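The values are calculated or read from the model by the stated rules, or taken from the named source; none is laboratory data. What you see is a predicted model; the values in this text were computed from it and never measured. All Cβ positions, even for glycine, are placed from backbone atoms using ideal geometry, and neighbour counts span all protein chains on display. SASA here: full protein model, heavy atoms, side chains in, ligands and nucleic acids out. Shrake-Rupley method; radii C 1.70, N 1.55, O 1.52, S 1.80 Å.
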Amino acid sequence: MAFSKELIKFDDVKSIANFLQQPATKVAEFITGILISDTNHYKLSAGRLVQASIKCNLFRQLGNDIRDYIDKGEIKEDFLNKPQNQHTLSDLLNFIDETTPDEKRFNAMKELFLKSVSTNSSESEQALLYQFMKLCKDLESGDLLVLKAAYDIKNGNQSKNISQIGLKDSSAETWLKNISIQIGHNIKALVEFHEEKLENLKLISSRNHADKSGIKVTDYYRLTELGYRICEYIYKKN
């Protein structure tokens, strides 16, 4: 497909939406054409097209999942009659539109949303999950990887490369090492990169000792109760 500015009107949402219905290979070919063209003005639109494509897919996936849950009777068809559910869905839609999240961030927020509007959730649980969503929208995929690694280790689903003896070690260095092994990249510094943020959000416990060489031991492999509860809602299998 040769690059042609007449093919799509970049200031028209419907035009972009219709264009994105084409096969992914055609979309990729068109975007590549923009990038290598001599028309600099349209190069700035390539990123917009990619973002729009991601958002369209996420909105579609969310819609399909909501429909599936309704068909299974896990969500009431009139779930939007409740103001709390309206706010929750509105926040999720804004989250997708404003941040164009990657798969891990989207799935975490989606899980919290679906469980908050579930027929099994009480009003107090819905309010709690709404607060969890508010907190989780600021988490990056790397933050979620660290939380899930600690959650899996706590629940006995750790990598075979992690020593059972090391699980009882209260040193920060061992914890960083085990989390990096569990995630799979084996880079302690990358785990440490996310550590302070998770501490500040009260999702993992703080370090202790004057030299910060230890960690405050919790019942959840350094996850706080808040961090563990959030992970349960996101990752626990029904």
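Annotations for the structure displayed:
- Convex hull volume per residue, computed on the Cα atoms of the chain, equals 173 Å³.
- Value of [θ]222 nm, deg cm²/dmol, for the chain, DSSP H segments ≥ 4, -39500 (n - 2.57) each, nearest 500: -20000 deg cm²/dmol
- Local electrostatic count at ILE75 - Lys and Arg +1, Asp and Glu -1, tallied over other residues with Cβ under 11 Å: -2
- The angle between the Cα long axis of helix 40-71 and the longest principal axis of the Cα atoms of the chain comes to about 70 degrees, rounded to the nearest 10.
- More than 26 angstrom apart: percent of Cα pairs within segment 122-238: 16
- Simple label model, 7 Å out from Cα along Cβ direction - GLN84 to ASN200, nm: 3.1
- Members of LYS76/LYS216; LYS26/LYS134; LYS202/LYS236; LYS110/LYS202; LYS82/LYS104 lying beyond 31 Å, as alpha-carbon distances in this model show: LYS76/LYS216; LYS26/LYS134
- Probing with 1.4 Å while keeping every protein chain in the model, the per residue accessible area of the chain equals 57 Å².
- Within the shell of other residues whose beta carbon sits under 13 angstrom from the beta carbon of ASP169, the net charge comes to +2, with Lys and Arg scored +1 and Asp and Glu -1.
- Each principal axis of segment 37-131 carries a Cα extent, and these read 58, 27, 23 Å when sorted largest first.
- Angle in degrees between helix 188-200 and the longest Cα principal axis of the chain, rounded to the nearest 10: 90
- Rounded tilt (10° steps) of 141-154 against the dominant C-alpha axis of the chain: 40
- Shown is the FRET efficiency for PHE59 and LEU135, computed with R0 = 30 Å from the Cβ-Cβ distance and rounded to the nearest 0.05: 0.85.
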